[in-house]
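Take a look at the structure set out below.
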Amino acid sequence: MKLIIEKTSKEMGCSAAKMIAREMEKKLALNLCLATGATPIGCLQELVRLHKEEGLDFSKTTSFNMDEYVGLGKTHPQSYYYYLNQHLYQQVNIDRNNTFSPEVLAEASVAAANDYTKLIYEKGGIDLILLGIGRDGHISFNMPKEALHPYTHVEQLSEATVSDNLRFFEKRKEVPTEAITIGLKVILDSRKVILIADGEGKSKIIREFLNDDRITTKLPASFLRLHDDVTIILDEKAAGQIKPEMRLPESKRR
Ligand code: F6R
C-alpha cells in the first residue's frame with residue numbers, strides 16, 4: 001500500500017483526480033467505480049475541471065456506482081446515482097448509457113444485487129475504484145461485522161452510518177437503513193484502488209487501519225491489505241494520528 005499525505009482536503013482531491021485522469025489517458029474505455037458522500041467532492045470537481053480545461057475525455061468511460069440506498073431511485077436527490085449525475089456526469093462528456101447503479105426499486109433486491117455483480121464482470125470488471133472510508137472502517141457499504149459478503153448484496157447500514165447520513169436528510173425517518181453495495185471480492189478484483197479520507201473525524205479510523213497490519217471483518221478497509229495496487233491519499237488532519245514509526249515504507253508527505 002502506498003500512502004500519500006497532502007496538506008489540505010482540496011489537494012487530496014486533486015491528487016486523486018490526477019491519478020484517475022492518468023488511468024483514463026492510458027485506457028480510454030476505463031471502467032470506473034466511484035464513491036459518493038462528502039469526501040470525493042473535491043476529486044470530482046477536479047475531474048470536471050480537467051475535462052473542461054484540459055480536455056479529459058469521458059466519452060468511452062464506464063462508471064458504476066458502488067452502492068445505492070434501497071428505495072431511492074435515480075431521480076431522488078439523495079440517491080447516489082443522482083449525486084454522481086450532479087457532480088460528474090452532467091458536467092462531462094460521459095455517455096449515460098455507460099453509467100450504472102444497482103437496481104434499488106426492484107421487489108427482489110437479492111436478484112437485483114446478483115444482476116449488478118454479473119453486469120460489472122460482463123463489462124470487464126472494474127479498472128479503478130475510488131473508495132472513501134466510514135468512521136467505523138466500512139468501505140463501500142460493507143459494514144464491520146462477524147462476516148462480510150464477497151459480492152453485491154443488501155446491507156443494513158450501521159447506526160453510526162445512519163447518524164452520519166442524517167445531515168443529508170430533513171428527518172431521521174427519511175434516512176435509508178439499507179443499501180445495495182458491491183462486496184469485498186468485487187472491490188479486491190478492481191485492478192487499481194484509491195482510498196481517500198480527510199478531516200479530523202477520520203483520523204481515529206485511519207490510525208486503526210494503518211497502525212495494524214492485520215485483516216479483520218471488524219474493519220472492512222483492512223482487507224485492502226490483500227490487494228497489490230492500493231494508494232491511500234489523506235489530508236494532514238486525517239493522517240494526524242498515524243504514528244511516525246507506523247508510516248508505510250512507501251509513504252510520501254507533500
Ligand atoms: C459511499 C460509500 C461510503 C462512503 C463513506 C464515507 O458511496 O461507499 O463508503 O465513502 O461512508 O462517507 P463520507 O465521504 O461522506 O465521509
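Throughout, read-outs are computed from the coordinates displayed, never taken from laboratory work. Fair warning: this is a prediction, and the values are worked out from it, not measured in the lab. With ideal geometry, Cβ positions are generated from the backbone for all residues, glycine too; neighbour counts draw on all protein chains shown.
For segment 141-247, the relative contact order comes to 31 percent (Cα pairs under 8 Å, sequence separation of at least 6). The gain in end-to-end length when the GLU25 to HIS76 segment is fully stretched comes to 15.1 nm, 0.36 nm per residue minus the alpha carbon separation. In terms of distances greater than 21 angstrom between alpha carbons, the cross-link table entries LYS18/LYS52; LYS7/LYS202; LYS74/LYS185 yield LYS74/LYS185. Rounded, prolate or oblate for segment 114-247? Axes are the square roots of the Cα gyration tensor eigenvalues, ordered a ≥ b ≥ c, and the cut-off for rounded is a/c under 1.5. Verdict is oblate for segment 114-247. In terms of packing, defined here as the mean over residues of other Cβ atoms within 10 angstrom, the peptides 196-202, 69-75, 168-174 line up highest first as 196-202, 69-75, 168-174.
Kindly identify the chain as rounded, prolate or oblate by the Cα gyration tensor criterion: order the square roots of the eigenvalues as a ≥ b ≥ c, call it rounded if a/c is under 1.5, otherwise compare a/b with b/c, prolate if a/b is larger, else oblate. Judged from the Cα gyration tensor, the chain comes out rounded (a/c under 1.5). In this calculation the C-beta distance from THR8 to ILE41 is compared with R0 = 22 Å, giving a FRET efficiency of 0.95.
Phi angles of segment 140-146 translate, via the Karplus equation with coefficients 6.51, -1.76, 1.60 and θ = phi - 60°, into HN-Hα couplings of 6, 10, 8, 7, x, 7, 5 Hz per residue; Gly and Pro are given as x. For the pair GLN86 and LYS60, label points projected 7 Å from Cα toward Cβ lie 3.2 nm apart. Among 149-160, 40-51, sorting by the average number of other beta carbon atoms lying within 10 angstrom of each residue, highest first, gives 40-51, 149-160. Put a dot 7 Å past the Cα of LEU166, heading toward its Cβ, do the same for GLU146, and the two dots end up 2.9 nm apart.
Taken about its Cα centre, segment 102-234 carries a charge dipole of roughly 240 debye when the Cβ of each Lys and Arg holds +1 and the Cβ of each Asp and Glu holds -1. When only the Cβ of Lys, Arg, Asp and Glu is charged (+1, +1, -1, -1), the dipole of the chain relative to its Cα centre reaches about 560 debye. Here each label is just a point 7 Å from Cα along the line to Cβ, and for LEU119 and ASN211 those points are 4.1 nm apart.
For the chain, what's the relative contact order in percent, using C-alpha pairs closer than 8 Å and at least 6 residues apart? Value for the chain: 27 percent.
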